Amino acid sequence: MKMNTKKLTVMAMLTAVALIIFMVEAQIPNPSPIPGIKLGLANIITVYAMFVLGPIPTLMILLVRVVLGSVFSGQMMILFYSLAGGLLCYASMLVMRRIVTQKQIWVCSVIGAIFHNIGQIAVAIWITRTPALIAYLPVLFVSGICAGLFTGLCAQYVVNRLPKIL
C-alpha cells in the first residue's frame, strides 16, 4: 500500500493523540467498583480514522497505540487484553462501516465496544482458566454500550465537523 507523506503525518498525529488520551485516561481512578470499566476515549480516534482514513491506516493506528500504551503504562499484561479487544472491535467496525451511514457512526462505536468486551473476557478466561468470568459479560455489555455511545457520538461529531484532513 502506497502512502504519501501527508497521510503518514496525519496517521502519526492521530496515533499520538490516541496515545495521549489513553495515557491520561489510565491515570484517572476508576469511579466504578467494578474493575475494567472505563470510557475508552482513545476509541474516538479509532472510529474517526475508520471513517476518514479507511481500514488499513486505522489498523496501523490501533496496533501502535495498543503496543505503545502497554509499554508506556508499564503494564505489559494490558497488551493481551487491549489487543484482543481492539482487534475484535476493529473487525466489527470494519463490517459496520459498510452498513451504517454518516449519521449512524455512533452505532459502529457501540457495536465495537460490545465486541471489545467480548475480546477482553475471552482473554481473561484464557489467562485465568476461569470460564465463570463469562458471567461478568452482561455488566460489561451495559458499560460498553454506554461508553460506546458516548465515544461514538464524539467521533461522529468530529467526523462531521472537522474538515476532511486528506
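Every number here is computed from the coordinates shown, using simple stated rules; none is lab data. These numbers come from a predicted model, not from an experiment. Neighbour counts are summed over all protein chains in view; Cβ atoms, including those assigned to glycine, are modelled from backbone coordinates with ideal geometry.
A DSSP coil position with no more than 11 other Cβ atoms inside 10 Å describes the following trypsin sites (Lys or Arg not before Pro) in the stretch 1-58: Lys2. Relative protection proxy for 49-62, 127-140, 110-123, from highest mean packing down: 110-123, 49-62, 127-140 (other beta-carbon atoms within 10 angstrom). Matching the structure-derived semi-axes √(5λ) of the Cα gyration tensor in Å against the labelled list (1) 23, 17, 16; (2) 26, 18, 15; (3) 25, 21, 16 gives the label (2). Extension gain, Met76-Ile127: 0.36 nm per intervening residue step, less the Cα-Cα distance, totals 17.0 nm.
Counting 0.36 nm for each residue step from Phe141 to Val95 and taking away their Cα separation leaves a gain of 14.6 nm.
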